[in-house]
Structures are given as structure tokens and as C-alpha cells.
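Following: one structure in C-alpha cells, then a few remarks.
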Amino acid sequence: MNLHESEKIAGILTDLGYTATDSELNADIIVFNTCCIRENAEDRAEGNIGALKKLKKQNKNVIIAVGGCMTQQPNSAQKLHEKFPFIDIIFGTHNLERFKELLEAKLKQKKTLICVDEKEGEIIEGTPKNRTSYPNAWVNITYGCNNFCTYCIVPYVRGRERSRKIENIVKECRELVAQGYKEITLLGQNVNSYGNDLQDTDFAKLIKEVSSIEGDFRLRFMTNHPKDFNENLIKAISESNKVCRSVHLPVQAGSNRILKLMNRKYTREDYIDKIKLLRKYIPDVAITTDIMVGFPTETEEDFEDTVNLVKEVGFSGAFTFIYSKRSGTPAAKMDGQVEEEVSKRRIMKLIDIQNSINRKQSETYQNATIEILCEDYDEKKKMYLGRDTYGRMAYFSSLENLIGKFVNVKITKTGGISLIGEIV
Ligand code: SAH
Ligand code: SF4
């Protein structure tokens, strides 16, 4: 999501006549698009901003702007301004689409311009985008989040959930396919609640409409929320010949007590039932997830519930996180914060288990021929790479540039998580 926002900021700058440069020494403007989902993201952003103090001293004309969800937290903009007085523009998540106006205003004044609206406004359509991930293109379908999981800062810094109109989304997707994009990823904090604020529209309907666009492309979407992931949607996915056979369904934890404290609004049993339903319609579907360890009061027993769930479901991949205390969220005030050492041990165990599941799944690919959308070239390996419909990454050699092409690859080596093969 943040990457796509950066594409919008770059698009606005291109419209104003700026071009990209590899070195900050040559830059006229440097924009940071920050994230505050976990503490280490914030620390990294602050480190990178601080590192520009010297550059700003040498070149007073370079404009330094800081946006993204870090600036949207209460009092954060003022604190940033005090800590890094050399920042020229501080803008919030609700002000991104207006970055052009902010920049123009700043060029007319000397002092730091701080523009962080507290409330989200209407959706602004038509922001230019410098897309950087060909053959994939990201498309926002909702902004904000209404779920208030107790650990999460997103609802506070991104506002209430707002859905883009279905016709605007379909139009954007149609244009992307016409431009030659081969994979579209629909984006929202909870794509399954798309349309709740509109009339007669839901995510299943959107999937059907985008799938009906003519052309050779794949459709992905993220993120799903288990509480809203329903049979109607599963049906729409199974009936589409565009939607990839992989679903990202974050479970967060396997213990009902912790899920309740997290305000996730489903139980372990509900989650497993959804998985069963999904596999009933799409038996070969690959399921990936997000898991958090060390949520306040998490005991060894709670953690073992998560481990057992991971083994039971057999995820094709899992993003694992150590709980990070976010000021202003209900979980930050909970007793029983878990020690860092304990969380680290738990995450290592989880990663080991998931890795061994991944390796076993990879082995089943030996000698199989799979259709890969070629996405990139790995300079180190000197090989092209891409993913199959299940999201499994494969590397292969080619003399011809195949980025953006669908190719059949026979898998010859399955050592780690990624596969290696040759074009057939
Ligand atoms: N809306 C999406 C994505 C949210 S952020 C969803 O609900 O899945 C992506 C992931 O970051 C979450 O799934 C969660 O696992 C993790 N995350 C969010 N807040 C966190 C926190 N305070 N500490 C650690 N991980 C967190
Ligand atoms: Fe955060 Fe929960 Fe919303 Fe995801 S659904 S963004 S985890 S509050």
C-alpha cells in the first residue's frame, strides 16, 4: 500500500516536471513516505531523515518532505518538526493527493509547511502514478479501516473505510490491461468489506466485473479479513479465470483468548471452517497468512495454539511479526506485555516450522511444468524470476528479456523455498 502511495507521489512530481535521480546529492526534492505499523519502521524512517541534516546544510535549496502514516499520529508532526527543523514539508496521509498544492505553497514561503488534516476527506480520483512494478499494477479499492484490531495503528492514521466507486476501479483496471499490465493487485486494508459504504456493491461483484475485462492478465487482491471472507466471495473467486489460486488470509493468532483480546471477531474454529470452505471450492488453493507473536499476555499455551494451527492449515507462506506496542492503541495499555526475548524465541520457532512446510511444498514441484508470469531479472543470480498462480517464485535463464510474458517453466531444482527451472 505504501509502495503504491510512493508511486502517486512520484507521479505528482513527474507531472510538475521533476525526474528521478539515483543520488540524493543530485536531488532537488527528497520525499519520505513513512510507515508506523511497527516501531522499527518508525526508527528506520527517523534514522534516514536525520542522515539528511548534513546534505541540507550543504545544499539549502533541496526540499525535504515527510509524509505517510508516521506524520498522522497525534502530535507527531510537531515532534518531527522540533527534532528535524530542516524538514520543509510535513504532510499527513489525508493530504497526499494534494501534494502538488503543498509543494507550490512551500516554494512561496520560507518556514516549514505542516499540513496534517485530522479527518479523511472525499476520495480524490485521477492522481497521476509513476508505476514501478510492471508487469504488476496496484489499484486501491478502499482507503482506511473500520476494524480497530487492538494492536493496530492503521485505523487511527488512515481514517474510516471509504470505497472507491466500482466504475472508477473497473475503468482504471481496463486502462492498465490496455497498457499491457499483466497482473492487477486490488488493495485495501480489508478488501472483503469493499462496498459497505456504497449501494448494491460488494467485493464479490467487483471481482466479477474486473474478471470480465478482456485480456491476458492475472488478478490478485489483499488483504482479506477472515470475519468478512464469505462463501459468496469464495464462489466468485472460484468462477473467475483471472483470479490467482492464492489467497492471503491473515490469522494473527491460533488462540481464541488472544484473538478475542485482539478484537479480530472470529475464533480459531471459524478460521479453520473458512479454510475448509475455500478448499471445497478451490481444492488446490494456496493460502498465505500474517501471524503475530508476543501479543500482551500471550502464554506458551497460546503460542502452541498458533503453532498447531500453522501445522494444521499448511500455509504456503506466512509473514511473521513480533508484536510492537503502538501508542494510542488499546493493546498498548494492556498488562502483561511479553518480554522481547520470549517473543524472539517464539518467532524463530514459528519461522522454522513454516520454512519446513514451505520446503516440503516446494518438493512437490520437482519436474512439474508451471506457468510463470516473468516479473523481474535478478542481477546476482543472472536469472529471470516470476510467480505461478499459487504465488510460488521460480527462477530461470533466458537470453531474451521476458519481463511481462507468461512462460512455461519446467522445475529442475527445488532446494529452498524458491524454485529453479528451465523454459519449455
Ligand atoms: N489490514 C491488513 C494489514 C495490516 S498491517 C490486515 O488486517 O491484515 C499488516 C500486518 O502487520 C498485520 O496483518 C499484522 O500481522 C501486522 N501488524 C499490525 N500491527 C502490528 C503491531 N502493532 N505489531 C506487530 N505487527 C503488527
Ligand atoms: Fe489493522 Fe485490523 Fe484494520 Fe488490518 S483489519 S488494518 S490489522 S485494524
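The values are calculated or read from the model by the stated rules, or taken from the named source; none is laboratory data. The structure presented is a predicted model; accordingly, all values stated were derived computationally and were not measured. Backbone-built Cβ (ideal geometry, glycine too); neighbour counts: all protein chains shown. Calculation scope for accessible area: heavy atoms of the full protein, side chains included, ligands and nucleic acids excluded. Shrake-Rupley method; radii C 1.70, N 1.55, O 1.52, S 1.80 Å.
Based on the reciprocal of the average 1/r between different C-alpha atoms, the Kirkwood radius for the stretch 141-278 equals 15.8 Å.
In the chain, the portion of solvent-accessible area held by carbon and sulfur atoms comes to 49 percent [1.4 Å probe, whole percent, DNA, RNA and ligands not counted]. Note on the chain: with a GNM built from Cα contacts shorter than 10 Å, the maximum mean-square fluctuation among L103, L277, L55 falls on L55. Distance from the Cα centroid of the stretch 271-310 to that of the stretch 21-38 is 37 Å (rounded to whole angstrom). When every Cα-Cα distance of the stretch 289-424 is counted in 10 angstrom steps from zero, the calculated P(r) takes the values 11, 32, 24, 19, 12, 2 percent. Amide hydrogen proximity for L113: with H placed 1.01 Å from N in the peptide plane, the residues at 5 or more positions away or on another chain lying under 5 Å are I89, I90.
Between the amide H of F295 and those of Y323, distances stay under 5 Å, these residues lying 5 or more places away or on another chain, with hydrogens modeled in the peptide plane. Amide H contacts of Y395: L419, I420, G421, each under 5 Å away and 5 or more positions distant or on a separate chain (H built 1.01 Å from N in the peptide plane; Pro and chain starts excluded). Rounded to the nearest 20, the size of the Cβ-charge dipole of the chain about its Cα centre is 520 debye, with Lys and Arg at +1 and Asp and Glu at -1. Under a Gaussian network description of the chain, with springs only between Cα atoms under 10 Å, the residue in K344, K119, K60 that fluctuates furthest is K60.
Scalar couplings 3J(HN,Hα) for the stretch 401-415, obtained by applying the Karplus form with A = 6.51, B = -1.76, C = 1.60 to θ = phi - 60°, are 6, 10, 4, x, 10, 8, 10, 8, 10, 9, 7, 10, 9, 10, x Hz; x denotes Gly and Pro.
Per residue, the chain exposes an accessible area of 48 Å² to a 1.4 Å probe, with every protein chain left in place.
Hey, if you put +1 on the Cβ of every Lys and Arg and -1 on every Asp and Glu Cβ in the stretch 124-219, which of N192, F203, N147 ends up farthest toward the positive end of that dipole? Result: N147, furthest along the dipole toward the positive end.
Each part reduced to its alpha carbon centroid, the stretch 81-136 and the stretch 361-382 end up 39 Å apart. With the whole protein complex present, M1 retains an accessible surface near 70 Å², based on a 1.4 Å probe. The stretch 164-214 and the stretch 394-424 have Cα centres separated by 30 Å. Under the criterion of Cα pairs below 8 Å and six or more residues apart, the relative contact order for the chain equals 11 percent. Counting only the Cα atoms, the chain fills a convex hull of 157 Å³ per residue.
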